[in-house]
Amino acid sequence: MNSPIWKVAAVVGVSLVLGGAAGYWLAQPRSGEAPVVAVGQEASAEPKALYWYDPMYPQQKFDKPGKSPFMDMQLVPRYAEGQGGEGDSAALRIDPSLTQNLGLRLASVTRGVLASSVDAVGVLAFNEREVAVVQPRTAGFVERVYARAPGDLLKANAALADILVPEWAAAQEEFLALKASGDAALLAAARQRLRLSGMPTALIAQVERSGKVQPNLTLTSPIGGVLQELNVRQGMTLAAGETLARVNGLNSVWLAVAVPESQAGSLVAGQVVEARLPAFPGEVFAGKVDAILPEANADSRTLRVRVELPNPQGRLRPGMSAQVSLKRSTQQPLLWVPSEAVIRTGRRALVMLAEEGGRYRPLEVQPGPDNAGQTAILQGLEEGQQVVASGQFLLDSEASLKGIVAASLAAPAAVLHEAEGQILAIDSQEVTLAHGPFKSLGMPAMTMTFPLANPGLMQGLKAGDKVRVALSQSGNELRVQRLDKTGSQP
């Protein structure tokens, strides 16, 4: 009856012996292996956190762990370089072997001039500055109208109509009588009277030269161009100052160009324009921007640009359409990056700057104009630097989660004045310090209350803590920008 029990006991004993032997064998260090660390033995030094932060508010730093005052979550530690798997506090580190897997693509910051071109459509129109209006200077009658009609091309001094001016007949007879008398003073006065009556200087000279009365006057076009308006008929009675004809010159024409308002900011008066007309294939007509009209078209959201084109041969006719290129180049070279590398947040623009060792740093920049897929950078970068052109949004999100914040370009860093001190009282608005001398301010040691630049500065601090305080000065106001614990605390 005892036989089964004895067998079970034997089996258990053998198992214990084999288990102990196996455990002893597993515990022995073998060739090429590090010795096993005993329980309770410290494998490595505990990484030291630089500070703790809330990933939703990475700009606020805390000197000890705990729950975030902003969100219902624990604060995250930030470690020094090489500790805790973190990079430095202002850069994100990616293993270079993973950059291809993440789809990261880099581009260099280059320098070059801005040579942009805005393409638009334009229509030719008359140059409204080259207009002549024909009016009689005195009342009369139309005796003859030459064969003219609106739309005719006229040469300069082309005849339009002959008019009879009865008032001139009496004045001219008086003038001729005075000329015969030989009185020079009276003759000069009579000549001035003819001029004031509206008689052309050439007609006065003809009367004086021929000695005959000339009451008829031929109205002519003062310039060559298109007869736009003709309001004279044979037998009409004319009043002084009545408009009889209107002539528009064709020595130059206006090109009215409709430019989208999104591109109108790059236009300036005087910039070079190239126009190509379907009527003259292969020819390029060069001109300059004469004016940028102040009112935009609310329906098409375009701005009208007026270009003046020379027309010495008269081939350019108002109403013709044209394809227009408005050229522009800057004299000062600018820095350029691919437009896709710029992250626009709405309040500012960022790029991810690539550094040595697989580090990537968010950097605020001031973007300029765009051209052909490139964006000018007016501030924030230097020539030859590398930026991330693809995959930058992934890096930016990771940097935000890790509390890496790009420095602002809004204003230069303020000069800080530092000293040692001890907190006597502190709240979210101000701190009372017994501080040592601020040498850069020439301020001796004393007890003084300062306003806090950020309510978060009081986090983790209490009365009695020894601190190093950094003040900024604006006018006569001193404000605490930084409070760091120092030394042993009571």
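The figures follow:
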{"read-out": "For Arg304, Arg233, order by how many other beta-carbon atoms lie within 10 Å, fewest first", "value": "Arg233, Arg304"}
{"read-out": "Estimated distance in nm for a label pair at Ala239 and Ala202, the labels positioned 7 Å out from Cα along Cα-to-Cβ", "value": "2.9 nm"}
{"read-out": "Whole-Hz ³J(HN,Hα) from phi, Karplus 6.51 cos²θ - 1.76 cosθ + 1.60, for the stretch 421-429, glycine and proline x", "value": "x, 10, 6, 9, 7, 8, 9, 6, 9"}
{"read-out": "Built amide H within the under 5 Å cut-off of Val232, gap 5+", "value": "none"}
{"read-out": "Formal net charge of residues neighbouring Leu114 (Cβ-Cβ distance under 12 Å; K, R +1; D, E -1)", "value": "+2"}
{"read-out": "5 angstrom amide H check on Thr138, placed H, neighbours 5+ away", "value": "Gly241"}
{"read-out": "Quotient of C-alpha Rg and 2.2 N^0.38 Å, computed over the stretch 416-485", "value": "0.97"}
{"read-out": "In order through the stretch 65-74: 3J(HN,Hα) via Karplus (6.51 cos²θ - 1.76 cosθ + 1.60), integer Hz, x for Gly, Pro", "value": "x, x, 8, 5, x, 9, 10, 7, 7, 7"}
{"read-out": "Ser472-Val272 FRET efficiency (beta carbon distance; Förster radius 56 Å; 0.05 resolution)", "value": "0.65"}
{"read-out": "Proximal lysines relative to Lys212, as straight alpha-carbon distance under 21 Å, when same-chain residues fewer than 8 apart are discounted", "value": "Lys179"}
{"read-out": "For Val272, distant residues with modelled amide H under 5 Å away", "value": "Lys327"}
{"read-out": "By average C-beta atoms within 10 angstrom, highest first, the peptides 349-361, 121-133", "value": "349-361, 121-133"}
{"read-out": "Estimated vicinal HN-Hα couplings, Hz - the stretch 237-247 in sequence order (Karplus 6.51, -1.76, 1.60; Gly, Pro = x)", "value": "9, 9, 9, 4, x, 6, 6, 9, 7, 9, 10"}
{"read-out": "Reachable lysines from Lys439, criterion Cα separation under 29 angstrom, eight or more residues apart if same chain", "value": "Lys61, Lys462, Lys466, Lys485"}
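All of the numbers you see were taken from the coordinates with simple rules; none came from a lab. What you see is a predicted model, and the numbers here were worked out from it, not measured in a lab. As a convention, Cβ positions derive from the backbone with ideal geometry for all residues, glycine included, and neighbour counts pool all protein chains shown.
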